[in-house]
Amino acid sequence: MWIPFALVSAVIAGGRRVYEKHLTSTFGNFAMGFIAQIFSLLPSLCLIFLLPNATEIGTLPWRFWWPLLIIWFGLYPIQTYLLYRAVREGDVSTVAPVMALMPAFNVLSSFLLLGEIPTFNGWIGIILIVFGTYFVLWNRTSAKNISLPVILMIGSTLCMAVGSTLDKVSIQVSNPAFYGFVNTLGAAIIFFILMHWYREKHSFHDMFSKDWFWPLVFLGVLQAISFTATMYAFKYGPTSYVLAIRAGSYVLAGLYGIIILKESLSARKIVALVCFLLGVMALAFA
């Protein structure tokens with residue numbers, strides 16, 4: 001049941017990363033974080049009413065709140081700063097492959113906090129998807145040296161991996177749609193404060209300008225759907241498996257290019273797609 005949610009999230013995430021590279025030329029690091037949260041806040045609220053089993057806030061235990069506090073005040077600011085600085089200062093083809101390692105980074109935190117241990121098939125699926133994703137994105141000429149943007153992306157990916165485990169800790173005692181809204185609301189407040197603290201207030205005016213507002217609204221709707229789908233996938237599936245499929249979003253983007261944009265079908269893309277499909281099959285039977 002979790003695989004369709006993970007696939008929806010992966011398809012949306014692949015397109016978002018490319019567009020975010022364009023946004024970093026206009027908006028600051030924390031402004032980018034604020035944009036992702038504030039424009040997805042209303043769609044996330046709507047999803048609570050559209051999806052079943054909403055959670056009453058008065059019934060939520062401390063187990064729901066302590067992971068969120070760590071995410072809001074620790075992980076989100078760090079991972080956002082590192083992520084958008086890496087995307088801004090490095091080539092997407094250089095820094096994006098690092099995100100394929102997220103499910104591998106997540107295995108330890110999920111074992112310690114959730115007791116999740118991948119099965120043999122699970123390990124095979126994770127390895128195949130990580131390999132396929134890395135293979136399709138790896139750039140031989142830019143991978144000769146480990147650059148600063150790559151190091152920054154490694155740090156951001158580690159934060160995301162740990163944060164995904166904390167997401168599931170909270171989701172276990174709540175509803176995924178409700179958790180997604182609360183997570184987004186708290187993050188929007190944190191990034192609003194950081195945006196002003198780091199003198200990125202000019203970005204606030206730009207994002208609500210005539211040129212940017214509606215494209216960002218559309219991006220926010222996609223963000224809300226993607227994040228909520230990920231939370232539902234976490235609810236029903238092992239965290240590292242979900243992250244493996246999400247890591248394959250760039251492989252799916254390559255498939256989109258082949259089918260819709262009529263791009264050439266290179267040997268590298270064929271190998272990546274085969275690895276991704278075999279990996280998903282392995283996770284389905286894990």
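Some observations on this one:
- Condition broken by Asn106, with the remaining ones in (1) within 22 Å of Phe131 (Cα to Cα); (2) surrounded by fewer than 20 Cβ atoms within 10 Å (Cβ to Cβ) satisfied: (2)
- Test: residue in the stretch 161-175 that is at pLDDT below 95, farther than 19 Å from Met32 by Cα and surrounded by fewer than 17 Cβ atoms within 10 Å (Cβ to Cβ): yes
- Some residue of the stretch 193-216 being of a type in the set (A, V, I, L, M), outside any loop (DSSP other than H, G, I, E, B) and free of Cβ contacts under 8 Å to residues at least 40 places away in the same chain: yes
- When Ile35, Ile71, Ile48, Ile117 are checked against the criterion of being buried (at least 21 other Cβ atoms within 10 Å of the Cβ) and either touching a Phe, Trp or Tyr at 6+ places or on another chain (Cβ under 8 Å) or not in a helix (DSSP H, G or I) (or both), a single residue qualifies: Ile35.
- Of residues in the stretch 3-35 being under 26 Å from Tyr198 (Cβ atoms) and among the β-branched types (Val, Ile, Thr), the one modelled with the lowest pLDDT: Val18
- Selected residue (criterion: farthest from Ile154 (Cα to Cα)) from residues of the stretch 59-89 that are aromatic (Phe, Trp, Tyr) and more than 16 Å from the chain's Cα centre (by Cα): Trp62
- Single residue of Ser203, Ser174, Ser209, Ser164 found to be in contact with a helix residue (DSSP H, G or I) (Cβ under 6 Å, 6 or more places away or on another chain), farther than 30 Å from Pro61 by Cβ and among the hydroxyl-bearing types (Ser, Thr, Tyr): Ser203
- Candidate set from the stretch 86-103 (those that are surrounded by fewer than 19 Cβ atoms within 10 Å (Cβ to Cβ) and assigned to a helix (DSSP H, G or I)); member that is modelled with the lowest pLDDT: Ser93
- Some residue of the stretch 144-156 being part of a helix (DSSP H, G or I), under 24 Å from Leu82 (Cα atoms) and touching a Phe, Trp or Tyr at 6+ places or on another chain (Cβ under 6 Å): no
The values are calculated or read from the model by the stated rules, or taken from the named source; none is laboratory data. Fair warning: this is a prediction, and the values are worked out from it, not measured in the lab. Don't worry about glycine lacking a Cβ; one is built from the backbone with ideal geometry, like all the others, and counts go over all protein chains shown.
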